[in-house]
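S.K.: The structure is given below, and queries will be raised subsequently.
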Amino acid sequence: MKIKILVTGGLGYIGSHTVVALLRANFEPIIVDNLDNSKLGILDQIEKIAGVRPAFHNIDLCDEAKTAALIKSEKDLEGVIHFAAHKAVGESVSEPLKYYRNNFNSLLSLLKAFEGRTLNLVFSSSCTVYGQPDVLPVNEAAPVKKAESPYGNTKQVAEEILQDIAAADKLKQIISLRYFNPVGAHESALIGELPAGVPQNLVPFVTQSAAGKRGPITVFGDNYDTPDGSCIRDYIHVVDLAEAHLAALKLLLNGKQATNYDVFNVGTGNGYSVLQLINAFEQTTGVKLDYKIGPRRAGDIVKVWSDVTKSKGKLEWEAKLSIEEMMRSAWAWEQYLQNNQIN
Ligand code: UDP
């Protein structure tokens, strides 16, 4: 019997790569997704890669009754990976209610559906909880800073909710993974990031600009206190990130956690500036980018990269894929999208 894992938001960017990793590792993923920011065609793509079509439920987790009914019908679920959430920082500033309603209601109805039952849960958190860290690389013991956006706040408060639930209920074992900047795509180039509208994140903007779908890239500031003046991030390959979820699941399923709640950084431990990333893209793909220096973006963190000591140790996970592989795969996916439509 395969181990059944519920993957909420399993047709999204990180969710779909994690579903593929679960299938490869012989788990049985069950996808829940309301297609709010994903396409049903990703299910076909997953099937092309893995040779198996996972079970899929089109359910909005904010619907408590439907969520409860699904969880009740799936009696032998051994774990849940909860990706489903709104994630656009800028939109969360202009529409905070949309973010608080969706990101909290979905989490709460999921937790309610598991009342009285064992729950091994991996939660998608973010390095945004650190704000601008005082010490770099930043480790998990660093203080959580006041969130810069409602989106960031949903991640901080969700971590607190999960910590409280795990403390109160022995049946709940929870790990929050604090992602740094996920980029890249599966080596098959059959799945990747599908940004809605104009991409807000750097790498999808870079690939779309390179493909001629967008104009020049604007580098948001080159006068920061960094070696080349542009902001620094810890970019992590989405396939490595997917593997981190498997490592977290294994830790939960083996019952090896000392506490019911834990949190891990998921990054490479290396920082790259915007200009370094642009250079890495050009060097790797041979495609010249058109970019200009623009003003700073409000609320940007100047520099952040992860301390991965804890993840390497307790989680027994570490990133393997280089910045070149991130750029190569992101570009291969963009080229795939030029010739293929995902509906
Ligand atoms: N960035 C940029 N131009 C863009 C998009 C992003 O210079 O069109 C910069 C941004 O200022 C930041 C980095 O790229 O320093 C990563 O931004 P992203 O929005 O991808 O991630 P986040 O800021 O959430 O870490």
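The values are calculated or read from the model by the stated rules, or taken from the named source; none is laboratory data. Please read these numbers as outputs of a predicted model, since none were measured by experiment. Here the Cβ is made from the backbone with ideal geometry for all residues, glycine too, and neighbour counts use every protein chain on show. Protein only, heavy atoms only, side chains kept; ligands, DNA and RNA dropped before computing areas. Shrake-Rupley method; radii C 1.70, N 1.55, O 1.52, S 1.80 Å.
S.K.: Along its principal axes, what span do the Cα atoms of region 205-343 show, with the longest given first and each in whole Å?
M.R.: Result, largest extent first: 51, 41, 26 Å.
S.K.: What percentages make up the Cα-Cα pair-distance distribution of the chain when the bins are 10 Å wide from 0?
M.R.: 5, 26, 37, 24, 7, 1
S.K.: Ignoring any ligand, DNA or RNA, what whole percent of the accessible area of region 161-277 comes from carbon and sulfur when the probe is 1.4 angstrom?
M.R.: 49
S.K.: So for the chain: antiparallel DSSP bridges make up what percent, rounded to the nearest 5?
M.R.: Working: 2 of 41 bridges.
Looking only at bridges with both residues in the chain, the antiparallel portion is about 5 percent.
S.K.: Counting only protein heavy atoms and using a 1.4 Å probe, what share of the accessible area of region 20-138 belongs to carbon plus sulfur, as a whole percent?
M.R.: Numbers: 2800 of 5400 Å².
Percent of accessible area from carbon and sulfur atoms in region 20-138: 52.
S.K.: How many Å² of accessible area per residue for the chain, probe 1.4 Å? Don't skip to the end; give the middle numbers.
M.R.: Values: 15050 Å² over 343 residues.
Per residue, the chain has an accessible area of 44 Å².
S.K.: Then there's this: Say the dipole of the chain comes from +1 at the beta carbon of Lys and Arg and -1 at that of Asp and Glu; which of Tyr261, Ala185, Val238 then lies farthest toward its positive end?
M.R.: Tyr261
S.K.: Hey, for a label at Leu253 modelled as a point 7 Å past Cα toward Cβ, could you say which residues of region 122-160 have their backbone N under 15 Å away?
M.R.: 122, by backbone N distance to the label point.
S.K.: OK, next. Under a Cβ-only charge scheme (Lys and Arg +1, Asp and Glu -1), can you give me the dipole magnitude of region 120-271 about the Cα centre, in debye to the nearest 20? Each step should come with its number before you reach the end.
M.R.: On the way: 11 positive and 16 negative charges, 70 e Å.
Dipole of region 120-271, to the nearest 20 debye: 340 debye.
S.K.: Under the definition of Cα pairs under 8 Å and six or more residues apart, what whole-number percent is the relative contact order of the chain? Don't skip to the end; give the middle numbers.
M.R.: Values: 678 pairs, mean separation 67.4, N = 343.
Averaging sequence separation for qualifying contacts and normalising by length gives 20 percent for the chain.
S.K.: Can you tell me which of 285-291, 53-59 comes out highest on packing, and rank the rest after it, using the mean Cβ neighbours within 10 Å? Present the calculation step by step, with values, prior to reporting the outcome.
M.R.: Details: 285-291: 13.7, 53-59: 16.3.
The most tightly packed comes first, giving 53-59, 285-291.
S.K.: Using +1 on the beta carbon of Lys and Arg, -1 on that of Asp and Glu, and nothing else charged, what's the dipole of the chain about the Cα centre, debye to 20? Don't jump to the answer; show the numbers that get you there.
M.R.: Numbers: 35 positive and 39 negative charges, 70 e Å.
It works out to roughly 340 debye.
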